[in-house]
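A short reminder: the numbers here are calculations on the coordinates, not readings from a lab. As the structure is a computational prediction, the values presented were derived from the model and not from experiment. Cβ: placed from backbone, ideal geometry, glycine included. Neighbour counts: every protein chain shown.
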Amino acid sequence: MNHYETIYIVNPTLEDDSLKEAIDKFSDLIKKLKGSIVKVNEWGKRKLAYDVKRFDKGYYVVLDFCALPKIVTELERNLKLDDRILKYITVKIDENIDPKDLVSKEKEIEDTIEKSHNEHVEEK
């Protein structure tokens with residue numbers, strides 16, 4: 001499997017339920033096609049560099065996953081067809097990666113950050 005990162009921008013005027021549904025739709029699609037989600041990172045609403053489909057803001061989502069190339073093609077097809085998505089880009093980060101290793105490394109990083117944060121809070 002290859003390691004990919006897709007950044008997509010969702011319509012900023014969506015209700016919370018519709019926004020969550022849009023984000024889950026693409027994560028579930030990857031899982032359904034036998035891909036592996038490493039991390040879903042929601043950056044939130046941000047100003048766009050230029051207007052896209054008459055919007056000056058968008059809700060950014062970063063989807064980090066492992067999959068075969070045909071899964072990426074299907075993901076991008078679905079992103080293109082969904083009216084809630086303003087723009088997207090997918091980048092191949094690495095080839096022949098074991099998804100379990102990536103997930104465990106990501107978990108270690110999150111645990112380290114959380115531990116560091118908790119220590120910092122206790123000092124105050």
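Give the residue from Ile85, Ile109, Ala67 lying farthest towards the positive end of the charge dipole for the chain; charges sit on Cβ (+1 for Lys and Arg, -1 for Asp and Glu) and the dipole is referred to the Cα centre. It is Ile85, whose Cα lies furthest towards the positive end.
In order along the stretch 65-80, phi translates into HN-Hα couplings of 8, 10, 6, 7, x, 5, 5, 5, 4, 5, 4, 5, 4, 5, 4, 5 Hz, rounded to whole numbers, per the Karplus curve 6.51 cos²θ - 1.76 cosθ + 1.60 with θ = phi - 60° and x for Gly and Pro. Here the simple spin-label model places points 7 Å from the Cα toward Cβ, and for Tyr50 and Glu114 these points are separated by 4.2 nm.
Excluding same-chain neighbours fewer than eight residues apart, the lysines reachable from Lys57 by a Cα-Cα span under 21 Å are Lys20, Lys45, Lys47, Lys80, Lys87.
Okay, which of the stretch 83-97 sit inside 15 Å, backbone N to the point 7 Å along the Cα-Cβ direction of Thr13? Output list for this probe position: 83-86.
Coupling constants for the stretch 30-38 follow from the phi torsions by the Karplus curve (6.51 cos²θ - 1.76 cosθ + 1.60, θ = phi - 60°), and in residue order they are 5, 4, 4, 8, 6, x, 10, 7, 8 Hz; glycine and proline get x. By the rule of a C-alpha distance below 20 Å, with chain neighbours fewer than 8 residues away ignored, the lysines paired with Lys107 are Lys31, Lys39, Lys115.
Could you give the size of the charge dipole of the chain about its Cα centre, using +1 on the Cβ of each K and R and -1 on the Cβ of each D and E, expressed in debye and rounded to the nearest 20?
On the way: 23 positive and 27 negative charges, 138 e Å.
The dipole magnitude comes to about 660 debye.
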